[in-house]
1. Please give the Cα centre distance for segment B:463-506 versus segment A:1-73, rounded to the nearest Å.
2. Along its three principal axes, how long is segment A:1-150 when you only count alpha carbons? Whole Å, largest extent first please.
3. As I understand it, the value is the acute angle between the Cα axis of helix B:332-364 and the longest principal axis of the Cα atoms of chain B; what does it come to in degrees, rounded to 10?
4. Quantify how strongly other chains surround peptide B:39-48 by giving the mean number of their Cβ atoms within 10 Å of each of its Cβ atoms.
5. On the Cα set of segment B:14-93, report Rg and Dmax in Å, please.
6. Helix B:4-19 against the longest principal axis of chain B: what's the angle in degrees, Cα atoms only, rounded to the nearest 10?
7. Can you figure out the FRET efficiency of B:THR167 with B:ALA15, using R₀ = 56 Å and their beta-carbon distance, to the nearest 0.05?
8. Return the subset of A:LYS8/B:LYS523; A:LYS166/A:LYS346; A:LYS151/A:LYS181; A:LYS294/B:LYS523; A:LYS294/B:LYS158 for which the Cα-Cα distance in this structure is over 26 Å, preserving the input order.
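Only the coordinates and a few stated rules stand behind these numbers; no lab work does. Keep in mind it's a predicted model, so treat the numbers as computed, not measured. Cβ atoms come from the backbone with ideal geometry, glycine included; neighbour counts cover every protein chain shown.
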Amino acid sequence: MLLERLIKFFTSLRLTVVLLVLSLVLVFAGTLGEVHLGLYKAQTEFFRSFFIYWHPAHAAWKIPVFPGGYLLGATLLFNLVAAHISRFKLTRDKIGLWIIHAGLILLILGQLATDMFAVESQMHLREGQMKNYSEADRLDELAVSDVTDKKLETVVTIPEWLLAKKGDIRNDQLPFVVRVKEFYANSLLSTNAAPGFARVNADAGLGAGLWWQPVPRETAMDRRDVPSTLVEIVTPQDALGTWLVSEWLEQSQTFTANGRTYQLQLRPERFYLPFSLRLVQFHHDVYEGTDIPKNFSSQLLLNRPDTGERRNVLIYMNNPLRYDGRTFYQASFDTDNQGTVLQVVKNPGWLTPYLACILIATGMVVQFLSHLVPFLRRRRQ
Amino acid sequence: MKKIVPWILAAVFAAWVLSTLHQPPETGFHTRDFGRLPVLLNGRVQPLDSVARNTLLQIRQRQSVGDRSATAWLMETMMNPEAADKLDVFRIDNLELLNLLQLPESQKYYSFDQIQPHLDDISRQAQRINSVGDANRTAFESQLLKLDNALEIYQRLKLSLCPPGTTDFAGQLAAYEQAIPAGVAAAQAREAGKKYDQAAFSRLLDFLSSYNDLSKFAYPLMVPPATDAKSRADWQNIGQNVMSVVHGNDLSPAVRDYAAMATAYSQNQPAAFNQALDDYRHWLGEWFVPEARQGVQEFFFNEFEPFYKAMVIYVTAFLLAIIALLTFALAPKLSETLRRSAFWLVVLGGVIHTFGLVFRMWLEGRPPVTNLYSSAIFIGWGCVVLGIILERVFAVGLGSAVASFAGFITLVIAHNLSMDGDTMEMLRAVLDTNFWLATHVVVVTLGYASTFMAGLLGVTYVLLGLFTPLLKYKSGNLELGKVLAKMAYGIVCFAALFSFTGTVLGGIWADQSWGRFWGWDPKENGALLIVLWNAAILHARWGGLIRERGLMNMVIFGNIVTSWSWFGVNMLGIGLHSYGFMAAAFWWLLAFVLSQVTLIILGMLPTGTWKSFRTPSGPAST
């Protein structure tokens, strides 16, 4: 009895309509949220979540007030599949609906896969510069590099989320403990005691004598956080000192431990590639007599040592480079027009929307014609 | 009667439209030929007439100054600026701004001479306001900024053809050319530290300093590239060309002819002016055939004003269709005549609308929708086509009424959007792809059009139902109410198909261009909202959750969703699709949303208050 009612509930069109309307509200609220929170944060809170929470200012607790994107998507998917299993029959006038809904399921699952597996990063190249890695949009890492051997550099990287937890970080490769004493996800540095700044409690490296303060996370799309952290290096014998490591400090800081030389640097998280790209030239074309951009293009040299592949590639608007499971897009450029920013996307599920689109369009046309044709025939009679 | 009258009416309107194609030859200055001359502005070749019209739309919100055509005004501004300064061309509505400028409130338009004493004040204020974000500006501030922009364009126009203060530019140019050899020699001697001819040097310098202003501030680039130039896009302004003569370049024949025109114009000699104009056109005909043709074609389009004509026809058709509906029962024969008249007028309007749309596409070499302005034109076109189809299927006058209304309103919206300037502006790099503009943008815009169309049918249902007994009247064996419901349902199916396909195509474009099928960009979200809402309507109907009135209320809400997606998200000022904040448009949007909410509330009133449902049953129409 209860099961029957449950089945009826989960397979009902009423539930579908309610879910669609809730999705409408969610998408609208999310769009407004993007204005205040920025695209990234709003997406996380509204669309990549099971619930949207509300909490009073400064309160430690929060209550769910509205279903989030994951929950609505999952319930819609369940509703759809359940309804098909229990109610639909494969008749001729329903075949269009079947195809449409199969396409929808593929689309939603594909987007879920994208959400979980796609990695987006960026590659900033100045003219003449070569890189074999791309960098994360927003996340940083603390790189501890053993540079004793001039020819071989061994790097241990500590991701930002681990730094944010603070505490001791150990690694077999390192003969010391990295003790994170403070971590600001977004920060400002100063050389004097400006209002709002506190003295950095560093006793080694560049940070001694500097002032810093945490600032709110950046929400605008075109700006990123600049994190800073205070770390103490502790060997089993004794503490070597406390360093301020920050993305504001462009130089890496050197120290020695156990007779080996190490460098500390906070930098955007890197994704290494099995090939390198060198920017030969960047072009920013405008329409004659205006500053309206006509095209942006990057002339690059692709070099892959393990296969000996070496060739020129041209990336421009609406024409990315697809290579080695990744896609490189023209995303931005330096204001002096001598540097380019490529968006690097690795998305194993990229094909699903194409297939889904074909399925759904086919289904809609089939469904539409199967109603329209008889209707017009009746009218004619 | 019911066959002849519609044809006569349509023929009269068609004759009116065609009559404007023939223009009598001009006496005096050949203004229209001048208006056809090609120049380069906003990155594209366009006739001077377009420069004049688009400038006037921006500063005066009209395409003419009194009985002076846009081009005639442009000629005055470029070649006789002292007289142009006295013309009332700046529209100022804001009272605070008028007070600041100490201008009388009784006028609507003001002349440059009236504003001139306050130029410094205006630019100082504008500098401050520019640092304030778009969204935080008061009405006064944005009006002041607009005026500042208008003044800048106006002053640049004055420096586009000839230097200020001369009534004989041609003579001045000849004197300049004569002064060059001695002047250059003097300059070289001076450079080398030798004795030099002080008089010859400063004479040349005087010329150059006045041409320097011309080269720096000119608005359109009026000099076609040299005939041996590398690129056909290499246009110059007159000042640049004149100054380059010092470096041994030839003065372009274009400049000689323009200078002759300027001299003749300021000395009021039409014959000499027309002669110089003809000389220039001949020269263009020898070297710049495509550019000259571009000018002629766009001039024709400007002068023909297809969208204005379609608008007039739609209004007439709408009135006829409404009267046809209201006289449905009282005078069936009259009603049928009016209904047919309305239908044929809608078809005529649609033909002219289509002509304008296609002509624009051809001029631009682009698919129909490239910016907000053209989306309004296209949405209107889509609604009209859908309405004509509806009228063919259900011959009750409703299709014509809705089509003509939608056509009229969208063209009014388009007209208001054209105040921002050139509507055929060049496309920014990302958008520069005809394939995606032709697929994603067209399909998604058809989605907007059909959702609006369904909404409009809903509005018709509520208004007719509440205030007239018409919904119960029968046409054939179907009640009008049922007809409307069938229409709305069919259109919602269309809307779901188009909006969904369009949205997914947009995702695929995004995937092709920046590697993200879906990025939750506000405009994407807006399109998704339309898809979700249409899906909700369809499922609610299939599940029996709504019937006739429920369907109608839901489609009216679709108007709100679509207007949000079309205009609302552009006001958010974030994301890849935003076109900048539009404060005035925001209030219109709000008013529209409120009106639709009111209609939905009315639509939910108990049936006892509906005039259509109180009357037991209406008479049948023949």
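1. Cα centroid to Cα centroid, the span is 31 Å.
2. 73, 46, 29
3. 40
4. Numbers: counts 1, 4, 3, 5, 8, 5, 1, 0, 0, 0.
What the average comes to for B:39-48 is 3.
5. Radius of gyration, then largest Cα-Cα span, for segment B:14-93: 13.9, 43 Å.
6. Between the helix axis and the principal axis of chain B, the angle is about 10 degrees.
7. Details: r = 46 Å, r/R0 = 0.81.
The pair B:THR167/B:ALA15 has a calculated efficiency of 0.75.
8. On the way: A:LYS8/B:LYS523 36 Å; A:LYS166/A:LYS346 30 Å; A:LYS151/A:LYS181 32 Å; A:LYS294/B:LYS523 22 Å; A:LYS294/B:LYS158 29 Å.
Among A:LYS8/B:LYS523; A:LYS166/A:LYS346; A:LYS151/A:LYS181; A:LYS294/B:LYS523; A:LYS294/B:LYS158, the Cα-Cα distance tops 26 Å for A:LYS8/B:LYS523; A:LYS166/A:LYS346; A:LYS151/A:LYS181; A:LYS294/B:LYS158.
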